[in-house]
Amino acid sequence: MQLNKDRSWLLKKAEQEDNDIVSVGGFVNRVAATEQNGSEESVEIPESARRHAFARFVELSRRRQRLTVEQLSEKADVDVAELIAIEEADTVSPEPRTIYQLATVLNVPQQKLMELSGLSRTRDRRFQDATVRFAARSEPVADLSADEEELFQEYVKVLVDTSNGD
Amino acid sequence: MKCISTELTRRTDDGWEPVAATLIIDVPVDVIEAAEIAWAVQRLEGARRLQAAGSAVPEHWHWDWKNKTHKLQLLNYRSAGIECEGEMQGLMLVSLAGHSTRTPPDKGKPLVYIDYVESAPWNVKGLANGPPRYGAVGTRLVEAAVQLSHEEEFSGRVGLHALPQASRFYEQTCGMLSDGPDSHYHNLCWYELTSQASQEFLGGQDNATQ
């Protein structure tokens, strides 16, 4: 592939482009749909961030209870393969029953776990912000570090605070 | 995956200066997903600022990752990313089949269709928290689309659907032509780069590298 190496061309193009929006596809199409429909504006959790946050949340919750994947599978009566897929962020739409079982065993509000899993939508901005930050900051490592523990506790607090007490 | 050394620009007090970058063709899915996560926080914060300022904000501030992942597995789709100083600065997904030019003189001839392109939120006015960091991200990605078009023997022809907010870039910076809103595609404007216009966009054929 041949790319232009002329710096004067590049600088001229940068000046013309001037950091304008160049987006095509994805959210841009949805902007158009919103403008045409005149619907209420809101912001959603990016899909990949939500999926990553859900995976890390389940993993950290399990490790915090010092459970292996197999042990959590037995305790929650959830298929091991599905649990692995969830922790690997491979599952786009987990089964509602799985979320209910996990919420019970992990002791978190069912509705919030439904929202985090992508099975239901959320318009709670605090929860959206917390989810994106959790996705961006949590990394899979062997043991929960002090920072991870703090991050986890902080997120659980938001998760509980923003739930309706289900 | 193929990596090509190139340059973007970085803002200085006087304007712009070149900065080393890498154009990646056929970006691995996990790399795209990592970029999406890295962009997510700032994009959300940028959307909040736009809302607070009374500007229009999309209802769904995300792109359909499931759909894009599916498309990346299809043979007629290619991806490209531009990386600079350890971070992904822009991403693009193009389709190499199923689209053709709509305006003379190339009407009916195949082209590379840009299905998705986006610059990192810190490079976009309004979304960036402060002055945008890198420039010419859109330019480099459109350039990559033109080159992919040449590789497919489409003579540099490129097409896309864009919002009015992006029309200035595609018309003035890229030199694309529009035949107006497409009633079959959300009424977004159809833009295309003809073979002749793509040569003018690239600034001639004498400045290529690698």
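Since every read-out is calculated from the coordinates, none of them should be taken as a lab result. Bear in mind the structure is a predicted one, so any value in this text is a computation, not a measurement. Positions of Cβ are generated from backbone atoms using ideal geometry, with glycine treated the same way; all protein chains shown enter the neighbour counts.
From other protein chains only, count the Cβ atoms within 10 Å of every residue's Cβ in B:188-198, then give the mean.
Mean partner-chain Cβ count within 10 Å for B:188-198: 1.
If amide H atoms are built 1.01 Å from N in the plane of the peptide, which residues on other chains or at least 5 residues away come under 5 Å of the amide H of A:L3?
B:T209
In segment B:124-210, if every C-alpha pair distance is counted and binned at 5 Å from zero, what percent goes to each bin?
Computed distribution, short to long bins: 3, 13, 21, 22, 17, 13, 7, 3, 0.
What is the Cα centroid distance between segment B:146-202 and segment A:74-100, reported in whole angstrom?
Distance between centres, Cα-based: 44 Å.
Can you give the average number of partner chain beta-carbon atoms within 10 Å of each beta-carbon in peptide B:129-138, as a whole number?
Per residue, the number of nearby Cβ atoms from other chains is 4 on average.
Averaged over every viewing direction, what's the projected area of the C-alpha convex hull for chain B? Give it in nm², one decimal, please.
Averaged projected hull area, Cα only: 12.3 nm².
Provide the percentage of antiparallel DSSP beta bridges, counting only those with both residues in segment B:2-201; round to the nearest 5.
If I count the DSSP bridges inside segment B:2-201, around 95 percent turn out antiparallel.
Please express the shape of segment A:36-141 as an equivalent ellipsoid: the semi-axes are the square roots of 5 times the eigenvalues of the C-alpha gyration tensor, given largest first in whole angstrom.
Semi-axes from the Cα gyration tensor: 26, 14, 12 Å.
Let me check against my output: what whole-number percent is the relative contact order of segment B:2-201, with C-alpha pairs under 8 Å and at least 6 apart?
Once divided by the residue count of segment B:2-201, the mean separation gives 17 percent.
For the pairs A:K12/B:K125; A:K12/B:K109; B:K2/B:K125; A:K75/A:K112; A:K157/B:K125, note any where the Cα-Cα span goes beyond 28 Å.
From the list (A:K12/B:K125; A:K12/B:K109; B:K2/B:K125; A:K75/A:K112; A:K157/B:K125), the Cα-Cα distance tops 28 Å for A:K12/B:K109; B:K2/B:K125; A:K157/B:K125.
Across peptide B:10-23, how many C-beta atoms of other chains are within 10 Å of each residue C-beta, on average?
Per residue, the average neighbour count from other chains is 2.
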